[in-house]
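Scroll down for the structure; my scribbles are underneath it.
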Amino acid sequence: MFYYKQGTMNENITKTATGWIIDLLSHTGIPGDILNRFDTIISLAVIAVIAVSITFIIYRITTGVTKRMLARKQRTLLAKMVKYGALKKMAHLIPPIIINTLLPITIADKPTALRYIEHLVWIYFIVAVVMSFNALLNSIGESAYTNSKYHDRPIKGFLQITKIIVYIIAIIIGISILTNKSPLYLIGGLGAFAAVLMLITKDSIMGFVGGFLLLENDMVRLGDWIEVAGTSINGTVTDISLTIVKVRNFDNTIVTIPPYSLINNSFINWRGMQESGGRRIARGYNIKLDSIKPCNDKFLARLKGIAPQLDNFIDIKVQQSKEGKTANTANPAGLINGTIDTNLGLFRAYAEMYLGNHPLVSKDMMIMVRTLTPCDTGLPLQFYCFTTTTDWKEYESIQSEIMEHFAAMLPHFGLYPFQSSGARDTIISGLLEGNFPVEQIAGLPYMTTEN
């Protein structure tokens, strides 16, 4: 039997196990000089067995506790850690620590072998740290994405930034271990190499910086509807990373764009509209100037049956006109958009009251009917309001219904929108000039022959 002097606990355990193995092998008939020649390998094998055994015990205890915790209550982060094998990868951190602790005890008399083995073990430890950190980041990212509070955040980009930083640090530390140089020395030496690297990887670096700025300034989130002028991009963001932004257009085509393109050029993000709960309607018609005329008593009487609100409005305006009152802050009833002076002013009042009573037009946002600068196609009349929904299909349906209603009501007020003349208009004009019976002419403008 081998006899060892009193030492530390780790030293005694390792040397006792090594001596026991060599003593056991000596009974098999193997010569002692051969056993002494391979005592280092036997010692390393003993250390490896001890490290693996301790790691296995700790891993089994950890996984057992985790399964019990998940059985009692579903914890998202723990479940994702099990999915990505984070606990298993973290267990790889234990053997290098144990091996490097026991190595100086067993092969202290062989400094060269000790140095190389320690370097390899520490490299393994760095790789295990990177793998464990990546698994933990993936677990945190997926658990955060399933949380309704963070599901629209570009978490993937932040995780990629963190991983790249970890990779760079790990590579620097790994090289410093292999070369026995300080990490600060290596960082200083990278300065000259960085200039050449920037020229080679310019696009990647620009993409990295652009992606970081997008994430840092919260310019784009998953699910945002963005529109880039001058491109075919007009849809919903489905993926954001440091090097690419993926957009699904409304025709279901997929468009990818580098982040720096969004930073360098302006783009529209409709997130504010979606968060407000209302989507703007800003459409109108160009009214023919020769159809705008003053209102008389007969015209007002004929329009009083169109809507109850319009009846009350006409009565109030007529009374104000008789009393010589004008719209001002002391007379709120006179501030309503529209007048009874012209048929267009009366229509503006009717349109604003219609929008104000529409169940799908938001009452908390601006409602306005206004005229714009006259042009060669007439006087632009604009309807400005917001719907109570941001859903695209519902919005288009509401907008269409409103515009169709106003198009049908314009002739009741003696107003006509501008339209370029076509072949049908030329034929109808010729028939009318030829005294063709009006009742036999199809396609006359609505209410043209009412009087």
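General observations
- Radius 13 Å from Cβ of residue 131, net charge of other residues (Lys, Arg +1; Asp, Glu -1): +3
- Fewest-first sequence of 291, 421, 321 by Cβ atoms within 10 Å of each Cβ: 421, 321, 291
- Inter-centroid distance (Cα atoms) of the stretch 286-327 relative to the stretch 369-415, Å: 20 Å
- Amide proton proximity set for residue 281, modelled H, under 5 Å, gap of 5+: 385, 386, 387
- From most to least packed by mean Cβ count within 10 Å, the peptides 348-357, 261-270, 429-438 give 348-357, 261-270, 429-438.
- Ordering 392, 225 by the number of other Cβ atoms within 10 Å of each residue's own Cβ, fewest first, gives 392, 225.
- Alpha-carbon Debye profile of the stretch 216-276, log10 I(q)/I(0) at 0.16, 0.21, 0.25, 0.26 Å⁻¹: -0.44, -0.78, -1.13, -1.23
- Taking amide H positions as modeled 1.01 Å from N, with prolines and chain starts lacking one, the residues under 5 Å from residue 245 and 5 or more places away or on another chain are 257.
- Volume per residue of the convex hull around the Cα atoms, evaluated for the stretch 280-419, comes out as 120 Å³.
Where a number appears in this text, it was derived from the coordinates with a stated rule and is not lab data. This structure is a prediction, so every number in the text was calculated from the model and none was measured. Because the Cβ atoms are built from the backbone with ideal geometry, glycine has one as well, and the counts that use them run over all protein chains shown.
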